[in-house]
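S.K.: Take a look at this one; I'll ask things after.
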Ligand SMILES: [Fe+2]
């Protein structure tokens, strides 16, 4: 056995011990795929991949997500490696990093399938904060009481970047609000039935209001579901060590980073596996 998988919690998380040189071995790739489906978040402790190795592993797991327009400062040799840091925030706009302090699913409001999975490797850590937290939206749905499953069945929710931006800016201008609400606002079902037949919640701080519900009632429902999904049994908090690589199922997990010092130089390299399913 070239890869050894050890569960972290029954509902979420596993560590994978594997030699870095074996990451793209077909047997390892198959083990990792199965483990990802079962455990949702996989930690490769201190594996220390280079950008080229991370991209090769990403490609071995599935077609990578290609970034049409590389962010400023992107390494032109590695345009599909996205650098997550305050220094390299897209267009110098640090709110894009601060927005990740709040629970979310990557790409949920894009007009294409959200990425299937995300790989994040630690390149430079912050001395304080910066832990990444994950919550299983499969477990959160499965364990909901039957009456609550029925209560939310068929509901649709508006998502945009506005709700998380409002948590960052105290007094947004009408122009800012219009911009945030603008193109990104979209409707998604609150329960996603995947092609596999599994179901998961589609929630996070991109969720603004519930279609056909008074705003207060809708927000109360959404906050209750976030609190439910983030309970310790469904949540894994990753405290990063140098060289750690974490891979998670973006379609059934919400994540956030605990705030960290902007001047710490914390830097993570992210690659993504393209999604194939729209949220329906
Ligand atoms: Fe994210």
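The values are calculated or read from the model by the stated rules, or taken from the named source; none is laboratory data. A quick note: this is a predicted structure, and the numbers were derived from the prediction, not measured. Note that each Cβ is placed from the backbone with ideal geometry, even for glycine, and that neighbours are counted across all protein chains shown.
S.K.: For the stretch 62-83, does any single residue satisfy the condition of being closer than 28 Å to residue 235 by Cα, within 13 Å of the ligand (Cβ to nearest atom), modelled with pLDDT of 90 or more and surrounded by fewer than 20 Cβ atoms within 10 Å (Cβ to Cβ)?
M.R.: Taking every residue of the stretch 62-83 in turn, none turns out to be closer than 28 Å to residue 235 by Cα, within 13 Å of the ligand (Cβ to nearest atom), modelled with pLDDT of 90 or more and surrounded by fewer than 20 Cβ atoms within 10 Å (Cβ to Cβ).
S.K.: Ok, one more. Among the listed residues 126, 121, 115, identify the single one that is in contact with a strand residue (DSSP E or B) (Cβ under 6 Å, 6 or more places away or on another chain) and part of a loop (DSSP other than H, G, I, E, B).
M.R.: Working: 126 fails: in contact with a strand residue (DSSP E or B) (Cβ under 6 Å, 6 or more places away or on another chain); 121 fails: part of a loop (DSSP other than H, G, I, E, B).
The unique qualifying residue is 115.
S.K.: Considering the stretch 257-280 alone, what residues qualify as being in contact with a helix residue (DSSP H, G or I) (Cβ under 6 Å, 6 or more places away or on another chain) and surrounded by fewer than 21 Cβ atoms within 10 Å (Cβ to Cβ)? Talk me through it step by step, then tell me what you get.
M.R.: Step one: list which residues in the stretch 257-280 are in contact with a helix residue (DSSP H, G or I) (Cβ under 6 Å, 6 or more places away or on another chain), which gives 257, 259, 271, 273.
The answer is 259, and nothing else.
S.K.: Continuing with the same structure: I'd like to check something: does the stretch 222-233 contain any residue that is surrounded by 16 or more Cβ atoms within 10 Å (Cβ to Cβ), away from the ligand (no atom under 16 Å from the Cβ) and assigned to a strand (DSSP E or B)?
M.R.: First pass over the stretch 222-233, keeping only residues surrounded by 16 or more Cβ atoms within 10 Å (Cβ to Cβ): 222, 225-226, 228-230.
Filter once more, keeping what is away from the ligand (no atom under 16 Å from the Cβ): 222, 225, 228.
Next cut, assigned to a strand (DSSP E or B) only: none.
Checked against the condition, which is being surrounded by 16 or more Cβ atoms within 10 Å (Cβ to Cβ), away from the ligand (no atom under 16 Å from the Cβ) and assigned to a strand (DSSP E or B), the stretch 222-233 yields no hits at all.
S.K.: Assuming residue 257 fulfils every condition listed in (1) away from the ligand (no atom under 14 Å from the Cβ); (2) touching a residue at least 40 places away in the same chain (Cβ under 8 Å) apart from one, which condition is it?
M.R.: Exception for residue 257: condition (1).
S.K.: Would you confirm whether any residue within the stretch 260-278 is more than 16 Å from the ligand (Cβ to nearest atom) and in contact with a strand residue (DSSP E or B) (Cβ under 7 Å, 6 or more places away or on another chain)? Break it down into steps so the answer makes sense when it comes.
M.R.: If we filter the stretch 260-278 for residues that are more than 16 Å from the ligand (Cβ to nearest atom), which is where we start, we get 261-265, 276-278.
Narrowing further to those that are in contact with a strand residue (DSSP E or B) (Cβ under 7 Å, 6 or more places away or on another chain): 265.
Yes, the stretch 260-278 has at least one match.
S.K.: Step by step: first the residues of the stretch 93-105, then only those that are assigned to a loop (DSSP other than H, G, I, E, B) and at pLDDT below 95, then the one that is farthest from the chain's Cα centre (by Cα). Which residue is that? Outline the logic, then answer.
M.R.: Looking only at the stretch 93-105, we keep the residues that are assigned to a loop (DSSP other than H, G, I, E, B), and these are 93-94, 102-103, 105.
With the extra rule that they be at pLDDT below 95, the set shrinks to 93-94.
Working: 93: 20, 94: 18 Å.
Looking at residues that are assigned to a loop (DSSP other than H, G, I, E, B) and at pLDDT below 95, I get 93.
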